[in-house]
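The values are calculated or read from the model by the stated rules, or taken from the named source; none is laboratory data. Given the structure is predicted, the values throughout are model-derived calculations rather than measurements. As a convention, Cβ positions derive from the backbone with ideal geometry for all residues, glycine included, and neighbour counts pool all protein chains shown. Accessible surface areas use protein heavy atoms only, side chains included; no ligands, DNA or RNA. Shrake-Rupley method; radii C 1.70, N 1.55, O 1.52, S 1.80 Å.
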Amino acid sequence: MKILVTGGLGFIGSHTVVELQHKGYEVVIIDNLSNSTIEVLDGIAKITGIRPEFHQIDLRDKPAVIQFFKSQPDLQGVIHFAASKAVGESLQKPLLYYENNINTLVYILQQMQAHQISNFIFSSSCTVYGEPDKLPITEEETVKPALSPYGNTKQIGEEIIRDTTHAYPEMKAIALRYFNPIGAHPSAHIGELPNGVPQNLIPFVTQTAIGIREELSVFGDDYPTEDGTAIRDYIHVVDLAQSHVVAMERLLQNKNKSNYEIFNIGTGRGSSVMEIIKAFEKVNKVKLNYKIVDRRPGDVTAVWADTSLAASELGWQSKLTMEDALRDAWKWQQKLDEAEGNKV
Ligand code: UD1
């Protein structure tokens, strides 16, 4: 069984490639290396012993996408990660986000339809819920107007898939709404590689602990939560990766109940920013420099998933803890630091 993973050298993509290979799938990766490096292939090969087939293609290049699908007669499914994901950047460069995240999705679905490839997994996000009306968030929660072009591309993406699977019932898709993916592979051979100054909490935490950043800014301690800091559902990237394998198998084995399904992928538990800081210091025995600053515009107070649908339908639930993720993220940061040191 051969599966295409777009964005397969990225953070979640690379961990998913590993999990697919562990389950015996043959994987072909497309990545344009815009937010990843070719060395990720070595990391994957170190873990699984298999170097996956790789094509450096920018999915905005429609002729290249057409050519690629022509050259791959035995693809059984597609897991589509390739997309831009920085909320702030999307506000400055909305057209880039629509081109990267929407055009490419359309091209892929067109080619899947043309070549009768019927199994599609889409990377969506809990960002589609905005500030939820109630917690934990179920898949029934209303999708609110998006706060950023990035968030909008996830909502529009879901709608494009809904319309496509409606019009072509032979096509089957699952959208996975991720909560906050963190951590790294426990082997420390692959992990997150943020471009420039990290916008997300955990890479900023690990870079501060190692001394690349002077101080972590905690965005707001006046939220209506127990300790005043915002709450998220942080999920270990290995657990998240496994949910893609399970979702793909559901489609491959025709176990899906309709030809477009949506699942929350989180742990079902919320942690505040302060809880994360304390847990990081405790499990890794390091001290973290931090200060409280103003809230970050656009941030919501509290978000965590109701994961019962994924549990009952996919038979999937997270196994690793937030502490496991913080330990693995730190191990990965230390490995990156060593690699940097060796270069000097
Ligand atoms: C953000 C996006 C989300 C996207 C995800 C993946 C928003 C509103 N949401 O999630 O759509 O899918 O990234 O890239 O932007 N924090 C600090 N200091 C920091 C960084 C973060 O205190 O230096 C806090 C934030 O205020 C937040 C929490 O840590 O409360 C998590 O932030 P982050 O990792 O950026 O994820 P989200 O904002 O939840």
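With respect to the conditions (1) surrounded by fewer than 21 Cβ atoms within 10 Å (Cβ to Cβ); (2) out of contact with any strand residue (DSSP E or B) (no Cβ under 9 Å at 6 or more places or on another chain), His115 falls short on a single one, namely (2). For Ile174, the requirement of being more than 10 Å from the ligand (Cβ to nearest atom), surrounded by fewer than 17 Cβ atoms within 10 Å (Cβ to Cβ), modelled with pLDDT of 95 or more and within 22 Å of Leu59 (Cα to Cα) is not met. Evaluated against (1) more than 20 Å from the chain's Cα centre (by Cα); (2) surrounded by 14 or more Cβ atoms within 10 Å (Cβ to Cβ), Gln92 falls short on exactly one condition, (2). Scanning the range 279-304 for residues that are under 13 Å from Met322 (Cβ atoms), within 24 Å of the chain's Cα centre (by Cα) and open to solvent by less than 40 Å² (accessible area, probe 1.4 Å) yields Ala279, Phe280. Only one of the numbered conditions (1) modelled with pLDDT of 95 or more; (2) assigned to a helix (DSSP H, G or I); (3) of a type outside the set (A, V, I, L, M, F, W, C) is not met by Asp337, and that is (1).
With respect to the conditions (1) in contact with an Asp or Glu (Cβ under 9 Å, 6 or more places away or on another chain); (2) modelled with pLDDT of 95 or more; (3) crowded, with 16+ Cβ neighbours inside 10 Å, Gly228 falls short on a single one, namely (3). Just one of (1) open to solvent by 20 Å² or more (accessible area, probe 1.4 Å); (2) farther than 15 Å from Gly183 by Cα; (3) part of a helix (DSSP H, G or I) fails for Gln317. It is (3). Summed over the range 142-168, residues that are modelled with pLDDT of 95 or more and more than 15 Å from Asn101 (Cβ to Cβ) total 7. Looking only at the range 151-162, which residues are within 14 Å of the ligand (Cβ to nearest atom) and open to solvent by less than 30 Å² (accessible area, probe 1.4 Å)? Result: Gly151, Thr153, Lys154, Gln155, Gly157, Glu158.
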